[in-house]
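Peer 1: Quick one: this structure, given as structure tokens, is what I'll be asking you about.
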Amino acid sequence: MDYAITEQGLEALRAELAELEGPARQEIAKQIKTAREWGDLKENGEYHAAKEAQAHLETRILKVRDRIKNADIVEVTEGDVVGFGSTVEVEDEQTGRVTSYRLVASPEADLAKGLLSAESPVAGALEGKRAGEVGIVTTPRGQRRLKIVKVS
């Protein structure tokens with residue numbers, strides 16, 4: 001399975017993998033060693049918690065490796081038209097609230113950081129439009145009209 005991702009997103013995955021395989025693994029190993037020193041492993045909650053954390057870490061490493069291996073780098077859309085990689089500032093016509101999003105691949109999406117999945121309904125409503133145009137998003141509460149203020 002290919003994962004659409006920006007070059008910047010791929011670099012972030014590589015940095016995350018380096019952190020997980022280096023310092024994070026070392027920290028878990030240290031926690032396991034310390035917990036082992038506390039004696040009986042059957043009733044050693046710290047040991048079991050550390051082993052569980054290790055399993056989660058190794059699962060995350062496998063997922064990140066898979067994403068890197070199957071990365072399909074997508075070129076960022078240039079110009080004044082909303083597309084993959086664009087940063088778009090929109091105003092909700094109902095509330096007047098202005099929000100800025102950068103359209104990225106799903107694995108990179110993080111709304112708290114303003115990174116919106118290019119596959120999301122909001123991105124779909126904005127894609128191909130220019131500043132001044134309105135994207136209409138259907139939500140459970142009805143339609144939201146998002147006026148594009150700026151595209152970069």
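FYI, it's all coordinate maths here, none of it is from the lab. These figures come from a predicted structure and were not determined experimentally. Reconstructed Cβ throughout: ideal geometry from the backbone, glycine too, with neighbour counts over all protein chains shown.
Peer 1: Using each residue's phi in segment 46-60, evaluate 6.51 cos²θ - 1.76 cosθ + 1.60 at θ = phi - 60° and report the 3J(HN,Hα) Karplus result to the nearest Hz, with x for Gly and Pro.
Peer 2: 5, 5, 5, 5, 5, 5, 5, 4, 4, 4, 5, 4, 5, 5, 5
Peer 1: Any idea what the relative contact order of the chain is, in percent, if you count C-alpha pairs under 8 Å spaced at least 6 apart?
Peer 2: Working: 238 pairs, mean separation 34.3, N = 152.
Answer for the chain is 23 percent.
Peer 1: Can you tell me the equivalent ellipsoid semi-axes for the chain? Use √(5λ) from the Cα gyration tensor, largest first, whole Å.
Peer 2: Numbers: eigenvalues 364, 67, 27 Å².
Square roots of five times the eigenvalues give 43, 18, 12 Å.
Peer 1: How are the Cα pair distances of segment 87-151 distributed, in percent, across 5 Å bins from 0?
Peer 2: That works out to 4, 20, 29, 28, 16, 3, 0, in percent per bin.
Peer 1: A further question on this structure: With a sphere of radius 11 Å drawn around the Cβ of A4, what net charge do the other residues whose Cβ falls strictly inside it have (Lys, Arg +1; Asp, Glu -1)? Each step should come with its number before you reach the end.
Peer 2: On the way: positive: R67; negative: D2, D72, E75, E108, E119.
Here the count lands on -4.
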